[in-house]
Amino acid sequence: AQSVAQPEDQVNVAEGNPLTVKCTYSVSGNPYLFWYVQYPNRGLQFLLKYITGDNLVKGSYGFEAEFNKSQTSFHLKKPSALVSDSALYFCAVGGANNLFFGTGTRLTVIP
Amino acid sequence: DAGITQSPRHKVTETGTPVTLRCHQTENHRYMYWYRQDPGHGLRLIHYSYGVKDTDKGEVSDGYSVSRSKTEDFLLTLESATSSQTSVYFCAISESGLARDTQYFGPGTRLTVL
């Protein structure tokens, strides 16, 4: 069975500081991992995904994610947070004909 | 939002009435999905389609039906709406149904069942 967990409902970070949004996963087989962002009253926007290869994946808007097989984690990171990064972030794991989502983490960047 | 539109964007209805939500894509992707988003649950799959007239159930399909008569359109119907179906509904598309394939999402429909 595929599942992901986002242990933090809310993350606050000061503008200009690095940010991390955590995700751990449980899969049978190879993990295909995704990050999406949702701005208020909008759909989900794809940020990045890990399929295979380099453990550091770079995505849109300066975000990156680090895949760690031994810790079964796929944390989202950004070196310097912007106020405009404030949004709801979802981690997901790919399954056949489905995406299994975490419950989401609300990121607030404080000016 | 990747050439995906949903209609209506907002709807308020009463318990027991039928409701149909529409998803339209201009990307010619083979796979289309319907998810619902609820606090504390993230997004959960209701139904998906892998081609015209080819559909299958997701994890929360009870009370919902779907139809796909054209590649570009995927309809979600609540035959008799209940308050538990108050939610935000998202359509998504992908080129294949493979686990590694990216899904792209529409803007969502907010449905309130009174």
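The values are calculated or read from the model by the stated rules, or taken from the named source; none is laboratory data. Here the structure is a predicted model, which is why all the values come from computation and not from measurement. Cβ atoms come from the backbone with ideal geometry, glycine included; neighbour counts cover every protein chain shown.
Listed values, structure above:
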{"item": "Residue tally, condition surrounded by 21 or more Cβ atoms within 10 Å (Cβ to Cβ) and either free of Cβ contacts under 8 Å to residues at least 12 places away in the same chain or among the charged types (D, E, K, R) (or both), over the stretch B:66-82", "result": "0"}
{"item": "Residue B:49 vs. criteria in contact (Cβ under 8 Å) with a residue 12 or more places away in the chain, within 14 Å of another protein chain (Cβ to nearest Cβ), assigned to a loop (DSSP other than H, G, I, E, B) and in contact with a strand residue (DSSP E or B) (Cβ under 8 Å, 6 or more places away or on another chain)", "result": "no"}
{"item": "Single match in B:63, B:42 (criterion: at pLDDT 95 or above, at positive phi and surrounded by 14 or more Cβ atoms within 10 Å (Cβ to Cβ))", "result": "B:63"}
{"item": "Residue in the stretch B:1-22 that is farthest from the chain's Cα centre (by Cα), counting only those that are within 11 Å of another protein chain (Cβ to nearest Cβ) and part of a strand (DSSP E or B)", "result": "B:10"}
{"item": "Strands (runs of 3 or more DSSP E) within the stretch A:15-88 that include 3 or more residues touching a Phe, Trp or Tyr at 6+ places or on another chain (Cβ under 6 Å)", "result": "A:33-38, A:44-50, A:73-78"}
{"item": "Residues that are within 9 Å of chain B (Cβ to nearest Cβ) and at negative phi, drawn from the stretch A:34-50", "result": "A:34, A:36, A:38, A:42, A:43, A:44, A:45, A:46, A:49"}
{"item": "Members of the stretch A:89-104 found to be in a strand (DSSP E or B) and more than 18 Å from residue A:60 (Cα to Cα), listed by number", "result": "A:93, A:94, A:95, A:98, A:99, A:100, A:101"}
{"item": "Some residue of the stretch A:68-78 being within 11 Å of chain B (Cβ to nearest Cβ) and touching a residue at least 12 places away in the same chain (Cβ under 8 Å)", "result": "no"}
{"item": "Per-region count, the stretch B:83-100, residues in contact (Cβ under 8 Å) with a residue 24 or more places away in the chain, facing chain A (nearest Cβ under 9 Å) and assigned to a loop (DSSP other than H, G, I, E, B)", "result": "1"}
